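Working notes for the structure below.
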Amino acid sequence: DGFAADRLFNQGFSYTYDDVIFLPHFIDFPTDAVDLRTNLTRNLSLSLPIVSSPMDTVTESSMAVSMASLGGIGILHYNNTPSEQSSLIRSVKSRRLPFITDLPPSVSPSDQISSADDFGSSPCVLVTAESGRLLGFVARSDWEARSDARDAPAKDLMRPSPPSVTASCDFERTAEFLAREALDFVPTVDDDGVVVDLVTKGDVERVRRHPRLGVPPTVGEDGRFLVGAAVGTREEDKRRLEELVKAGADVVVLDSSQGNSIYQIEMIKHVKRTYPGLDVIGGNVVTAYQAENLIQAGVDGLRVGMGSGSICTTQEVCAVGRGQATAVYKVASIAARSGVPVIADGGIGNSGHIVKALVLGASTVMMGSFLAGSHEAPGVYEFRDGSRVKKYRGMGSLEAMKKGSDARYLGDTSKLKVAQGVVGAVADKGSTLNFIPYTMHAVKQGFQDLGASSLKSAHDLLRSSVLRLEVRSGAAQVEGGVHGLVKYEKKLF
Ligand code: XMP
């Protein structure tokens, strides 16, 4: 019944996720038995197959921290200066928990706090020695209560030797400490007494309200969140990369819409030669030929997709690309032979698309629009036509290219800029810490329907033709969505 993937994807058609549908298989395990552990690259493993896209309206430090705390990973965009991108890495590394609030400001003991604005959104100002060691803090409430507070040096206002917890303390132990000591907030410090984070009662309540999948976060041996960074393939990107590695980047993504190029092959070899311990992801590719070239150059992961993104116009502008389901299947089939994991990049609009990408051979999915509009996405909410939205733009849009992201479109030094993406907005989705656990639970249900208890088992079932697919006609696609209602409320959880 149905078709084997190999037959379906070799008929001369370019299919995307919505074109194809899996036939259900046999269930012999509960949903929770589905294990979504995976590899981002040859050497970097994740608890969840989710990656946030290196776009300036998707991934800065809050998104990267949130992704890593969920068990996925964020890739920081590079539409900024090398030092700005490095400080985003340091900000991710300085966090232990997915907090949105910024670290409190610091002053030296002789400094004055002359205005309430100096506290920012924080409940305190830290008082630190030159070495960065925490000496005490000035609580906002103490500062407000003293009439001479504006003129007094911080050392006269601070609470010395404040309670703190070591940064290696996990969330539950930190939360217990706050409750036991009846504190509103507590700084976490490293072995040298330098503040790493500030945990507030509000943060604890917020984190507790979110559903949990109970999988380990993506952290290194030092307990810090792992984070990736995107770079281009120009000479100046080599200097950028040096700074990023120093700042602690754990994996690098060579960001290009057509990755099969002399520039990228050169850059892959440069990374492998210069930073032997650093995994490099190449792309984007959509064919076996493109993938083979990058694999031969030594790439550790492949990013797949050309023109499939929600803000992309590459296929219309350049007449080049491929339907995303076909692209993922074709590239993953080749990459699997060399043990190179594939990232299905772009075109993810719902949990069903994630199931399709993963079962067709991807090891992870990279998302832009699905994560844009969330609390953790950069930018501020605006009201448009009565909805709360955040801006989401293609990195090949004129607006983003003006800031410098045209390096994505290779070797083009011309003054003529042609957009390969658009600027739009995405509705407020709340926190990724809330909707990603529901999304991934839905993905597990999809795997269960297919009788696949892991990504490896799904890939084996597909390649051995046990899993069968069909192409949906236009009418079948309409039938597969909500239809026949005048109005409906689209709420999934
Ligand atoms: P989604 O569908 O998740 O897609 O919003 C995100 C992916 O789209 C790619 N991207 C672009 N592609 N023009 C393009 O043709 C652009 O301006 C552009 N900006 C991003 C990128 O691969 C991203 O991960």
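Before moving on, here are some points about what is shown:
- Across region 415-435, the qualifying residues are those that are open to solvent by less than 30 Å² (accessible area, probe 1.4 Å) and more than 16 Å from the ligand (Cβ to nearest atom), and the one among them that is farthest from VAL207 (Cα to Cα) is GLY430.
- Filtering region 361-382 to residues that are more than 15 Å from the ligand (Cβ to nearest atom) and within 22 Å of ARG42 (Cβ to Cβ) leaves GLY361, SER363.
- For region 17-42, the set of residues classified as open to solvent by 40 Å² or more (accessible area, probe 1.4 Å), farther than 22 Å from TYR329 by Cα and assigned to a loop (DSSP other than H, G, I, E, B) consists of PHE26, ILE27, ASP28, PRO30, listed by residue number.
- Scanning region 317-353 for residues that are farther than 17 Å from ARG393 by Cα, within 13 Å of the ligand (Cβ to nearest atom) and not β-branched (Val, Ile, Thr) turns up CYS318, ALA319, GLY321, ARG322, GLN324, ALA327, ALA344, ASN350, HIS353.
- All positions within region 247-266 that are more than 14 Å from the ligand (Cβ to nearest atom), under 27 Å from VAL219 (Cα atoms) and either buried (at least 24 other Cβ atoms within 10 Å of the Cβ) or of a type in the set (Val, Ile, Thr) (or both): ALA249, ASP250, VAL251, VAL252
Yes/no per residue for (1) over 18 Å from ASP250 (Cβ atoms); (2) within 16 Å of the ligand (Cβ to nearest atom); (3) of a type in the set (Val, Ile, Thr); (4) in contact (Cβ under 8 Å) with a residue 60 or more places away in the chain:
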residue: LYS272; (1), (2), (3), (4): no, no, no, no
residue: TYR275; (1), (2), (3), (4): no, no, no, no
residue: ASP279; (1), (2), (3), (4): no, no, no, yes
residue: TYR289; (1), (2), (3), (4): yes, no, no, no
residue: ILE295; (1), (2), (3), (4): yes, no, yes, no
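- Flag if ASP6 is open to solvent by 10 Å² or more (accessible area, probe 1.4 Å), of a type in the set (Asp, Glu) and under 28 Å from PRO217 (Cα atoms): no
Each row is one residue, and each column tells you yes or no for (1) touching an Asp or Glu at 6+ places or on another chain (Cβ under 9 Å); (2) buried (at least 24 other Cβ atoms within 10 Å of the Cβ); (3) polar (S, T, N, Q).
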site: GLY307; (1), (2), (3): yes, yes, no
site: CYS312; (1), (2), (3): no, yes, no
site: ALA319; (1), (2), (3): no, no, no
site: ALA336; (1), (2), (3): no, no, no
site: ILE348; (1), (2), (3): no, yes, no
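- Top-ranked residue in region 43-68 [being open to solvent by 30 Å² or more (accessible area, probe 1.4 Å) and not in a strand (DSSP E or B); ranked as nearest to the ligand (Cβ to nearest atom)]: GLU60
The values are calculated or read from the model by the stated rules, or taken from the named source; none is laboratory data. Since this is a predicted model, take the numbers as computed values, not measurements. Neighbour counts are summed over all protein chains in view; Cβ atoms, including those assigned to glycine, are modelled from backbone coordinates with ideal geometry. The accessibility values were calculated without ligands, DNA or RNA, using every heavy atom of the protein model including side chains. Shrake-Rupley method; radii C 1.70, N 1.55, O 1.52, S 1.80 Å.
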